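Chemist: My structure is below; once you've seen it, I'll send some questions.
Read the figures in this text as sums done on the coordinates, not as results from a lab. Given the structure is predicted, the values throughout are model-derived calculations rather than measurements. As a convention, Cβ positions derive from the backbone with ideal geometry for all residues, glycine included, and neighbour counts pool all protein chains shown.
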């Protein structure tokens, strides 16, 4: 019981840190000589809808993200919510191109419900993610850009599964995973 409470406590703390880092970037007092550009973006990675809120400072971008994915069929319902924040250092590569390098930190929570007809399996998991990232962005208009980035995502996850008809088969698992993540981003700045 203590380990679950500790895990929930750490999860809440990390979500607060991710949210506060995004909010801090929005509320930092910036001198008029280096005004910030605020924006909205969407990204395509093949897994649901993700909305970003990039804040471009002089040579730094802070980009909070919120992602939601849901799928449903006659037997299964699955959804994932992810909250993360990216911090990137930018460098101009020419008149309309720039590169960025940095990383993202995030928290993800998912739930899966599968109906066998004779019983139901419920699975809930959460994960902490860290993704070193490199990307290139092209401004095809003054305030609009398309970007491509690649990251190596490390995740620490915890999952609990229970079966309604077979409570003795309930299980829990903890582990680590890693893999590459390629994303296409469309952004507009105000």
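Chemist: At 7 Å along the Cα-to-beta-carbon direction for both residue 152 and residue 51, put a label point, then send me their distance in nm to one decimal.
Modeler: 3.4 nm
Chemist: Under 20 Å from a point 7 Å along the Cα-to-Cβ line of residue 171: which residues of region 48-76 have their amide N that close?
Modeler: Flagged as within label range: 76.
Chemist: Over the Cα atoms of region 75-190, what is the Rg over Rh ratio if Rh follows Kirkwood?
Modeler: Ratio of gyration radius to Kirkwood radius for region 75-190: 1.17.
Chemist: Further, regarding this structure: Between residue 161 and residue 40, with labels modelled 7 Å along Cα→Cβ, what's the label distance in nm to one decimal, could you check?
Modeler: 4.0 nm
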